[in-house]
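Visitor: Mind having a look at this structure? Questions to follow.
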Amino acid sequence: MAKHGAARDDSRSHERLRGGTVRRAAKHAAPDLDRLIHERMRLGIVSALAVNDSLSFSDLKKLMGTTDGNLSVHARKLEEAEYIACTKSFEGRMPKTQYRLTAPGRRALERYLDHMEALIHATRDR
Amino acid sequence: MRMTSVRPLRPDPPQEPPALHLRAMDNLAFIRDTMEAAGSFTAVSGWGMVAIGVLAIIVAVAAGLQPTESAALNIWLATAVLSPAIMLWAMARKASAARMPLLSGPGRKFVLSFSPPMVVGALLTLVLYRAGLFEAIPGVWLILYGTAVVTGGAFSVKIVPVMGMCFMAAGAIALFSPPSWHAWILGAAFGGLHIAFGIAIARRHGG
């Protein structure tokens, strides 16, 4: 997926940065970037759940414009980190998977937002 | 003789990766866009609506004590100026807490859709007031406020247009009810509906 690919490139180029004041500013601003939600798809899932009580698998799939498999993989990683919780049920005969953001997930998003803001301030104040 | 195109011997130097702060800004924009697209965040402040509702109930009691309908309407008119200020303040606080600009995509659409019926309402109020048709004003206010909420709410969470429809229904009742009921209808709608829907929005949609 294009969005996913862009996120991976973003992540790689992030690691490729070496030396210079930008890196020093980044280190100063935020030493521990949460790689788990830095990835675009997972960041999108967490952001969408932050403004909803819960979202179904199909809602998230539509929102993120991705495939079942891709969404499952990323959602599972977030579940394993206990950032999101998953509830499976049946609506008639149709299985329904609902996701909601947990308290650690919300805190992780807040930390990530703080991190991004710190990066912006650190590089602007240089 | 036709010449072939010439290729440079050395390719262009590789572009510098975007600065970290630009990527951080891009990430923040992505988060904001995703939240907006998820459609459940509403800049409309539930607690702001509760505050307006409480104010409306106090005003309804005060207006009910007035000897004439025009005196009662003057009190409501003063409230109509104060209420948007309360709501704007509450919306700005809510947007700030969610780290979203107040006039982001859906917020801007909300304002653009909400405003026209409100402007029409202000103009009609002036016309009806000058014509001495005081008894028509409460119904017109409620219907046009409801219309504004429905049209603005089309870009917001579902509960917002539902609230607008309730205001429109209250307006329709007010238009065809005796003037002695108007103070109660205004109080019940601007007070009761704002408080009830405000609590629901605050609980479900981030404050």
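The values are calculated or read from the model by the stated rules, or taken from the named source; none is laboratory data. No experiment lies behind these values; they were computed from the predicted model shown. Cβ atoms come from the backbone with ideal geometry, glycine included; neighbour counts cover every protein chain shown.
Visitor: So in the stretch B:121-166, with the set limited to residues that are hydroxyl-bearing (Ser, Thr, Tyr) and crowded, with 21+ Cβ neighbours inside 10 Å, which one is modelled with the lowest pLDDT?
Guide: Among those that are hydroxyl-bearing (Ser, Thr, Tyr) and crowded, with 21+ Cβ neighbours inside 10 Å, it is B:SER156.
Visitor: Somewhere in the stretch B:20-37, is a residue buried (at least 21 other Cβ atoms within 10 Å of the Cβ), at pLDDT 85 or above and among the small types (Gly, Ala, Ser)?
Guide: Yes.
Visitor: Just to be sure before I move on: is A:LYS88 in a helix (DSSP H, G or I), in contact with a Ser or Thr (Cβ under 8 Å, 6 or more places away or on another chain) and more than 21 Å from B:ASP26 (Cα to Cα) in the structure I sent?
Guide: no
Visitor: Testing B:ASN27 on (1) within 14 Å of chain A (Cβ to nearest Cβ); (2) touching a residue at least 24 places away in the same chain (Cβ under 8 Å); (3) not in a loop (DSSP other than H, G, I, E, B), one condition comes back false. Which one is that?
Guide: With respect to (1) within 14 Å of chain A (Cβ to nearest Cβ); (2) touching a residue at least 24 places away in the same chain (Cβ under 8 Å); (3) not in a loop (DSSP other than H, G, I, E, B), B:ASN27 is out only on (2).
Visitor: Taking the stated definitions as given, is A:MET94 surrounded by 20 or more Cβ atoms within 10 Å (Cβ to Cβ) and either without any contact (Cβ under 8 Å) to a residue 40 or more places away in the chain or closer than 30 Å to B:ALA19 by Cβ (or both)?
Guide: no
Visitor: If you scan the stretch A:98-126, which residues turn out to be crowded, with 16+ Cβ neighbours inside 10 Å, touching a residue at least 40 places away in the same chain (Cβ under 8 Å) and closer than 23 Å to A:VAL73 by Cα?
Guide: A:GLN98, A:TYR99, A:LEU101, A:GLY105, A:ALA108, A:LEU109, A:TYR112 - these are the residues of the stretch A:98-126 that are crowded, with 16+ Cβ neighbours inside 10 Å, touching a residue at least 40 places away in the same chain (Cβ under 8 Å) and closer than 23 Å to A:VAL73 by Cα.
Visitor: Same structure, new question: State which residue is modelled with the highest pLDDT when the search covers only the stretch A:62-85 and only residues that are within 12 Å of chain B (Cβ to nearest Cβ) and assigned to a helix (DSSP H, G or I).
Guide: A:MET64
Visitor: A further question follows. Quick one: what pairs do we get from the stretch B:138-151, first residue without any contact (Cβ under 8 Å) to a residue 24 or more places away in the chain, second in a helix (DSSP H, G or I) and surrounded by 23 or more Cβ atoms within 10 Å (Cβ to Cβ), C-beta under 7 Å, 6+ apart or different chains?
Guide: Pairs that qualify, where the first residue is without any contact (Cβ under 8 Å) to a residue 24 or more places away in the chain and the partner is in a helix (DSSP H, G or I) and surrounded by 23 or more Cβ atoms within 10 Å (Cβ to Cβ), are B:VAL150/B:GLY164.
Visitor: Could I ask something else about it? Just to verify a result, which residue in the stretch A:43-61, among those that are assigned to a helix (DSSP H, G or I) and more than 10 Å from chain B (Cβ to nearest Cβ), is farthest from the chain's Cα centre (by Cα)?
Guide: Restricting to residues being assigned to a helix (DSSP H, G or I) and more than 10 Å from chain B (Cβ to nearest Cβ), the top hit is A:SER58.
Visitor: Across the stretch A:91-126, what is the total count of residues that are in a loop (DSSP other than H, G, I, E, B) and either touching a Gly at 6+ places or on another chain (Cβ under 7 Å) or more than 14 Å from chain B (Cβ to nearest Cβ) (or both)?
Guide: Total meeting the criteria: 3.
Visitor: Wholly within the stretch B:77-192, which helices (runs of 4 or more DSSP H) include no fewer than the required count, namely at least 1 residues that are within 13 Å of the chain's Cα centre (by Cα)?
Guide: In the stretch B:77-192, B:105-130, B:137-153, B:159-175 are the helices (runs of 4 or more DSSP H) which contain 1 or more residues that are within 13 Å of the chain's Cα centre (by Cα).
Visitor: Can I ask one more? Which one of these is in contact with a strand residue (DSSP E or B) (Cβ under 8 Å, 6 or more places away or on another chain), closer than 23 Å to B:ALA24 by Cα, of a type outside the set (Asp, Glu) and buried (at least 20 other Cβ atoms within 10 Å of the Cβ): A:ILE45, A:ILE84? Before the answer, list the steps.
Guide: Numbers: A:ILE84 fails: closer than 23 Å to B:ALA24 by Cα.
Residue meeting the stated conditions: A:ILE45.
Visitor: Please work out which residue is farthest from the other protein chains (Cβ to nearest Cβ), limiting yourself to the stretch A:17-41 and to residues that are modelled with pLDDT of 85 or more and out of contact with any Phe, Trp or Tyr (no Cβ under 8 Å at 6 or more places or on another chain).
Guide: Ranking the qualifying residues of the stretch A:17-41, first place goes to A:ARG35.
Visitor: If a residue must be touching a residue at least 12 places away in the same chain (Cβ under 8 Å) and not aliphatic (A, V, I, L, M), how many such residues does the stretch A:53-71 contain?
Guide: 8
Visitor: Another one. Quick check on this structure: which one of B:VAL50, B:VAL61 is over 16 Å from the mean Cα position of the chain (by Cα) and part of a helix (DSSP H, G or I)? Working first, answer last.
Guide: On the way: B:VAL50 fails: over 16 Å from the mean Cα position of the chain (by Cα).
Of B:VAL50, B:VAL61, the one residue that is over 16 Å from the mean Cα position of the chain (by Cα) and part of a helix (DSSP H, G or I) is B:VAL61.
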